[in-house]
Structures are given as C-alpha cells and as structure tokens.
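Quick notes on the structure that follows.
The values are calculated or read from the model by the stated rules, or taken from the named source; none is laboratory data. No experiment lies behind these values; they were computed from the predicted model shown. Cβ: placed from backbone, ideal geometry, glycine included. Neighbour counts: every protein chain shown.
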Amino acid sequence: MDTRPEMLFSLILDTGIKKSEAVALKPADIDRSNLEKPVLTIKPKCEISQRRRIDLDPDWLRLLIEYMMQYVPKDSSSCTARNLVIHTLDVGEAGWRSAKISFEMIALVERCA
C-alpha cells in the first residue's frame with residue numbers, strides 16, 4: 001500500500017504548512033534526534049523571514065519511515081506541487097477517507113480548526 005497519501009495528508013493537516021513548503025521539504029528538515037519529540041524546520045524562501053520549527057506527532061514518523069522504505073526519489077524534481085495535489089486527492093481513494101480531498105480543502109480545515 002502506498003503510504004504517500006496518508007503521510008502527506010497527516011503532515012499537512014497536523015502542521016498547517018503551505019503547499020510550497022511541503023514541496024520544498026527535504027529529509028534533513030525533520031529532526032529525529034528525539035523520537036518522542038520530532039521537529040520539522042521550515043526554511044523561508046527569503047532571508048527576511050525566520051525559520052519556523054513545528055513539533056510533529058511521533059506517530060507520524062512511522063508513516064515517514066514506511067514512505068522512505070517504499071519510495072526513493074530519483075531527484076529533487078520528483079516532488080512537485082502537481083504531485084502533491086494528486087497524492088492528497090488519493091486520500092479519498094485510500095479507504096480511510098470517504099471523499100475526494102484537495103490540498104485547498106485541507107488548508108481550509110486547518111484554518112477553521
């Protein structure tokens with residue numbers, strides 16, 4: 001089973017990160033030195049903004065590990081905004097959500113929560 005939809009959905013919903021921030025993530029942006037308190041670092045596009053550090057749910061690391069075992073990107077261009085949208089749409093087809101869900105819908109839920 002492809003873990004990308006669940007991993008991305010959980011990450012976006014739990015952190016509220018932007019689509020552009022999700023696309024720019026690298027494994028090194030996730031501090032796993034303390035498995036009970038993993039931290040995501042969002043690096044700004046411009047030097048005016050500051051880095052953000054966001055606590056992650058420790059259970060999310062399981063999804064990340066499964067994802068990394070299943071999928072090894074060939075290059076950095078494999079994670080695009082289009083792919084991100086496609087994988088969030090896959091959440092509804094994965095069986096644990098009953099409707100098609102877009103990235104924008106996830107962001108709206110996060111803002112209204």
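Please work out which one of (1) surrounded by 10 or more Cβ atoms within 10 Å (Cβ to Cβ); (2) at pLDDT below 65; (3) out of contact with any helix residue (DSSP H, G or I) (no Cβ under 9 Å at 6 or more places or on another chain) is the condition Cys79 fails and give its number. Exception for Cys79: condition (3). Of Ser98, Ser20, all but one fail to be in a loop (DSSP other than H, G, I, E, B) and either within 20 Å of Arg4 (Cβ to Cβ) or modelled with pLDDT of 85 or more (or both); the exception is Ser98. With respect to Thr41, determine if the residue is of a type in the set (S, T, N, Q) and either over 18 Å from Pro58 (Cα atoms) or at pLDDT 85 or above (or both). Yes; evaluated as a whole, the condition is true for this residue. Filtered by the rule that a residue be of a type in the set (A, V, I, L, M) and more than 14 Å from the chain's Cα centre (by Cα), the range 1-43 gives Met1, Leu35. Of Pro27, Pro58, Pro38, Pro44, all but one fail to be surrounded by 14 or more Cβ atoms within 10 Å (Cβ to Cβ) and either out of contact with any Cys (no Cβ under 8 Å at 6 or more places or on another chain) or polar (S, T, N, Q) (or both); the exception is Pro38.
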